[in-house]
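Here is the structure we will look at.
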Amino acid sequence: MGFLEQITPVVLTWNEAANLERTLARLAWARDLVVVDSGSTDATLEILRRHPRVRVFTRPFDDHARQWRFALAETGIATPWVLRLDADYLLSEALVAEIAALAPPEDLAAYRIAFTYCIGGRPLRANLYPPNTVLFRRGRATPWQDGHTERWRVEGPVARLKGRIQHDDRKPVSHWLAAQARYQAGERDKLLAAERAALDRADRLRLRHWIAPWAVFLWCLFGKGLILDGRAGLAYAYQRLLAETALALYLLEARGKPPP
């Protein structure tokens with residue numbers, strides 16, 4: 001097992017019956033596995049009860065950062081390292097083998113891992129997901145809310161791993177659309193609250209709502225080469241188009257309201 005014995009995987013769930021078994025199967029090496037559920041009403045909790053090594057905690061969801069702070073501070077994690085996952089993240093065999101062989105120096109705080117996006121189980125050649133710090137020393141990473149999701153402040157050096165995580169969400173399109181309605185409201189609030197000079201180039205483009213949706217769609221298809229992935233690549237490009245269109249509608253609504 002090696003370094004794997006020093007890691008506790010932590011998974012956030014909410015109605016993840018379509019994904020959970022596959023994610024847990026890739027974590028068979030874990031002696032202790034923590035799940036923080038937001039109040040699932042599908043078969044998520046029933047699936048978790050079939051896995052005795054999983055410790056389940058329930059906390060009503062308010063935002064991702066607070067959910068992760070609870071997961072790290074209130075669930076009794078005893079290992080020095082934490083692997084933070086969503087329920088649709090699948091660790092590749094190569095990544096598990098790479099992590100098992102690690103011998104991190106004392107000053108190293110975290111590892112950054114890249115993602116492979118999947119549509120219906122088919123891996124895409126590219127995506128817009130940036131690599132992220134999902135494996136870190138307990139106590140050396142702190143989440144903060146940034147728009148619809150959380151980001152992490154890491155205290156110390158961060159290394160990059162070669163293996164990848166598959167993002168493979170098998171929930172229906174209707175669930176994805178409902179989630180985007182919530183997510184893009186958070187992105188609107190972030191963009192409108194920030195000073196323009198503080199935004200990166202991508203977020204400044206998103207404020208140009210008459211350009212951003214189609215620019216992202218064309219960049220996915222041709223800039224990233226997803227047109228070569230057939231229907232799966234087209235589906236991903238449409239996902240990004242719809243997400244940016246939802247944000248554009250929120251921005252138009254917000255700018256059309258008179259000031260209080």
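Worth a mention:
- Residue within segment 70-91 that is closer than 26 Å to GLY147 by Cα and at pLDDT below 95 present: no
- Residues that are charged (D, E, K, R), touching an Asp or Glu at 6+ places or on another chain (Cβ under 7 Å) and buried (at least 16 other Cβ atoms within 10 Å of the Cβ) are absent from segment 92-108.
- Test result for ASP168, at pLDDT below 95, among the acidic types (Asp, Glu) and touching a Lys or Arg at 6+ places or on another chain (Cβ under 9 Å): no
- Leading residue by the ranking (surrounded by the most Cβ atoms within 10 Å (Cβ to Cβ)) among those in segment 142-160 that are touching a helix residue (DSSP H, G or I) at 6+ places or on another chain (Cβ under 6 Å) and assigned to a strand (DSSP E or B): PRO143
- Any hit, segment 127-140, residues being more than 29 Å from LEU228 (Cα to Cα), of a type in the set (Val, Ile, Thr) and in contact with a Phe, Trp or Tyr (Cβ under 9 Å, 6 or more places away or on another chain): yes
- Leading residue by the ranking (surrounded by the fewest Cβ atoms within 10 Å (Cβ to Cβ)) among those in segment 71-91 that are farther than 16 Å from ALA30 by Cα and among the hydrophobic types (A, V, I, L, M, F, W, C): ALA73
Conditions (1) over 18 Å from VAL173 (Cβ atoms); (2) free of Cβ contacts under 8 Å to residues at least 40 places away in the same chain, marked per residue:
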| position | (1), (2) |
| --- | --- |
| ALA197 | yes, yes |
| ARG201 | yes, yes |
| ARG204 | yes, yes |
| HIS209 | yes, no |
| LEU242 | no, no |
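- Residue match in segment 66-73 (condition: assigned to a loop (DSSP other than H, G, I, E, B) and not basic (Lys, Arg)): no
- Close Cβ contacts (under 8 Å, 6 or more residues apart or on different chains) running from residues in segment 168-186 that are crowded, with 17+ Cβ neighbours inside 10 Å to residues that are of a type in the set (Lys, Arg) comprise ASP168/ARG22.
- Qualifying residue in segment 94-111 (condition: outside the structural domain of LEU228 (by TED's automatic domain parsing), closer than 18 Å to LEU4 by Cβ and part of a strand (DSSP E or B)): yes
The values are calculated or read from the model by the stated rules, or taken from the named source; none is laboratory data. Quick caveat: nothing in here was measured; it's all calculated off a predicted structure. Here Cβ is always computed from backbone atoms with ideal geometry, including for glycine, and neighbour counts include all displayed protein chains.
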